[in-house]
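Asks: Let me give you the structure first, and then I'll get to my questions.
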Amino acid sequence: MMYDQMLLEKQRLEREIRYMERKLKTLPEGRLVCTGTKEHPKYYCCVGKVKKYIRKRDYRLVEQLAAKKFFTERVKDYRRQLEGVEAYLKKNDPMLDTAPKLLKENSPCSRPLATIFRPQKEELAKWAAVPYRKSTYHPEQLRHDTVNGLKVRSKSEAMIAMLLAEYKIPFRYEDQVFLCEIGFHPDFTIRHPKTGEIFYWEHFGFVENPKYQRDACERLQLYMCEKIYPSVNLIITWETREKPLTMSEIRYKIQKYFF
């Protein structure tokens with residue numbers, strides 16, 4: 001997806017600019033002025049209005065000022081490119097897309113569209129529609145609207161729910177299950193749209209937090225004690241503040257496991 005590639009390009013340009021700005025701080029004061037010919041060049045160091053000739057024995061200074069000149073121009077190039085990338089991202093943010101809003105409960109189109117995105121197998125459609133025992137943990141955190149009136153806890157979970165619906169994949173959000181006789185609520189319990197096989201999808205969104213890391217490992221152990229394995233019937237996505245989950249990653253997972 002072009003948007004995700006541009007996000008990566010933005011991060012790359014920002015890293016390069018930071019690196020070059022750090023290098024520039026280590027280089028000598030002044031700017032390099034070159035005169036003469038390629039065979040017989042003359043080099044000067046200019047500080048303000050003062051221009052001082054650089055002798056051959058001080059050629060190291062020429063190299064440093066040449067590097068300074070190069071990095072200064074490269075920073076200008078990358079800043080110009082960064083402006084273009086940021087302009088693209090501003091216009092093409094998937095969160096600005098208007099089509100998914102038609103699926104939300106408060107949209108007049110949500111009811112007629114529900115049939116279009118309904119799972120093709122009747123048994124699976126009924127499974128997704130019947131009431132189930134949902135998590136009661138901090139209900140005030142359920143503030144992100146998705147399809148059919150469903151509210152989830154994060155923007156990333158909202159993207160997952162919307163794309164599952166778009167691909168007509170039946171799912172339940174935070175449905176209670178028992179693993180090793182312990183009851184808890186996976187982010188998504190999913191039925192394969194063709195076989196009906198059960199999959200689980202866990203999204204881990206605070207992986208920088210040490211306690212969250214421990215809780216995530218414990219949760220994965222619970223799955224595996226019931227022979228529910230990552231990359232087999234357990235789908236896992238991760239994100240950090242610097243690398244948020246993207247629509248293309250979600251699409252890749254959906255296509256990998258269900259099509």
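Asks: Having 2 or more residues that are touching a residue at least 24 places away in the same chain (Cβ under 8 Å) is the bar; report the strands (runs of 3 or more DSSP E) wholly within region 129-216 that clear it. Let's see the steps before the verdict.
Replies: Values: elements: 171-173, 177-179, 182-184, 188-191, 198-204.
Where strands (runs of 3 or more DSSP E) fall fully within region 129-216 and carry at least 2 residues being touching a residue at least 24 places away in the same chain (Cβ under 8 Å), they are 171-173, 182-184, 188-191, 198-204.
Asks: Could you identify the single residue in Glu174, Glu166, Glu140 that is surrounded by fewer than 13 Cβ atoms within 10 Å (Cβ to Cβ), of a type in the set (Asp, Glu) and under 28 Å from the mean Cα position of the chain (by Cα)?
Replies: Glu140 is the lone residue from the list that is surrounded by fewer than 13 Cβ atoms within 10 Å (Cβ to Cβ), of a type in the set (Asp, Glu) and under 28 Å from the mean Cα position of the chain (by Cα).
Asks: Might you let me know whether region 145-157 holds any residue that is under 30 Å from Ile17 (Cβ atoms) and among the charged types (D, E, K, R)? Let's see the steps before the verdict.
Replies: So in region 145-157, the residues under 30 Å from Ile17 (Cβ atoms) come out as 155-156.
Subset that is among the charged types (D, E, K, R): 155.
Scanning region 145-157 turns up at least one residue that is under 30 Å from Ile17 (Cβ atoms) and among the charged types (D, E, K, R).
Asks: Answer yes or no as to whether Gln64 is surrounded by 11 or more Cβ atoms within 10 Å (Cβ to Cβ) and either more than 29 Å from Thr246 (Cα to Cα) or out of contact with any Leu (no Cβ under 7 Å at 6 or more places or on another chain) (or both). Step through it out loud before you land on a result.
Replies: Values: surrounded by 11 or more Cβ atoms within 10 Å (Cβ to Cβ): yes; either more than 29 Å from Thr246 (Cα to Cα) or out of contact with any Leu (no Cβ under 7 Å at 6 or more places or on another chain) (or both): yes.
Against the criterion (surrounded by 11 or more Cβ atoms within 10 Å (Cβ to Cβ) and either more than 29 Å from Thr246 (Cα to Cα) or out of contact with any Leu (no Cβ under 7 Å at 6 or more places or on another chain) (or both)), Gln64 qualifies.
Asks: Turning to a different aspect of this structure: Of these, Thr26, Thr98, Thr37, which one is modelled with pLDDT of 95 or more and of a type in the set (Val, Ile, Thr)? Show your work before the answer.
Replies: Details: Thr98 fails: modelled with pLDDT of 95 or more; Thr37 fails: modelled with pLDDT of 95 or more.
Checking each option against the conditions leaves just Thr26.
Asks: Further, regarding this structure: Pull out all pairs, ordered by first then second residue, where Cβ-Cβ is under 7 Å, the residues are six or more apart or on different chains, the first lies in region 116-127 and is surrounded by fewer than 11 Cβ atoms within 10 Å (Cβ to Cβ), and the second is not basic (Lys, Arg).
Replies: Gln120/Pro193
Asks: Next question, about the same structure. Taking the condition at negative phi and either touching a Gly at 6+ places or on another chain (Cβ under 8 Å) or surrounded by 12 or more Cβ atoms within 10 Å (Cβ to Cβ) (or both), does Ala99 pass?
Replies: Working: at negative phi: yes; either touching a Gly at 6+ places or on another chain (Cβ under 8 Å) or surrounded by 12 or more Cβ atoms within 10 Å (Cβ to Cβ) (or both): no.
Answer is no for this residue.
Asks: In addition: For Tyr78, work out the one condition from (1) surrounded by fewer than 15 Cβ atoms within 10 Å (Cβ to Cβ); (2) of a type in the set (Ser, Thr, Tyr); (3) out of contact with any strand residue (DSSP E or B) (no Cβ under 9 Å at 6 or more places or on another chain) it doesn't fulfil.
Replies: (1)
Asks: Between residues in region 26-54 that are assigned by TED's automatic domain parsing to the domain that holds Gln64 and residues that are among the acidic types (Asp, Glu), which pairs lie under 6 Å by C-beta distance while being six or more apart or on different chains?
Replies: Val47/Glu29
The values are calculated or read from the model by the stated rules, or taken from the named source; none is laboratory data. Everything numeric in this text was worked out from a predicted model, so none of it was measured. Heads up, the Cβs are rebuilt from the backbone with ideal geometry, glycines too, and the neighbour counts pull from every protein chain shown.
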